[in-house]
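The values are calculated or read from the model by the stated rules, or taken from the named source; none is laboratory data. Just so we're clear, the structure is a prediction, and the values are computed from it rather than from any experiment. Here the Cβ positions follow ideal geometry from the backbone for every residue, glycine too, while neighbour counts run over all protein chains shown. Just the protein is used for accessible areas: all its heavy atoms, side chains included, with ligands, DNA and RNA removed. Shrake-Rupley method; radii C 1.70, N 1.55, O 1.52, S 1.80 Å.
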Amino acid sequence: MTTPERRRHTRFACATDLEIDWGSEILRASVRDISLSGMFVATPAPLWIRAEFTARILLPVVLPVECIVRRVEPGRGMAVEFKDLTDATRNSIDEWLRKLAEG
């Protein structure tokens with residue numbers, strides 16, 4: 001028996017850098033896949049479930065996003081959900097997703 005898909009939005013594979021503001025530190029990571037509701041952050045030292053942070057997705061235009069950790073894969077990374085995206089950021093992510101979908 002297969003587990004039903006729980007994601008609200010389609011995820012797209014990608015590879016782009018990410019900066020996470022964590023206290024007085026900036027953690028460097030990368031985005032493995034992304035959707036309109038969240039992303040998987042590849043990092044050997046993921047945060048813990050329910051940790052909240054601000055990140056910047058480093059595209060030609062830097063996209064600031066507020067995130068909360070929903071799932072952790074030790075040594076691999078963490079699945080995060082976006083919180084309270086601004087309309088401008090949501091539109092930028094949506095435009096980027098369209099480009100990823102086109103290949």
How many percent of the accessible area of the chain is carbon or sulfur, using a 1.4 Å probe?
-> 51 percent
Value of [θ]222 nm, deg cm²/dmol, for the chain, DSSP H segments ≥ 4, -39500 (n - 2.57) each, nearest 500 | -5000 deg cm²/dmol
So what is the relative contact order for the chain, in percent, with contacts set as C-alpha pairs under 8 Å and at least six apart?
-> 24 percent
How long are the semi-axes of the ellipsoid equivalent to the chain, from square roots of 5 times the Cα gyration tensor eigenvalues, in whole Å, largest first?
-> 19, 18, 13
Share of Cα-Cα pairs in segment 53-103 beyond 17 Å, whole percent, is 44 percent
Over segment 14-96, give the accessible area per residue in Å² for a 1.4 Å probe, as an integer.
-> 53 Å²
What distance in nm separates the simple spin-label points at Ile49 and Arg70, each placed 7 Å from Cα in the Cβ direction?
-> 1.3 nm
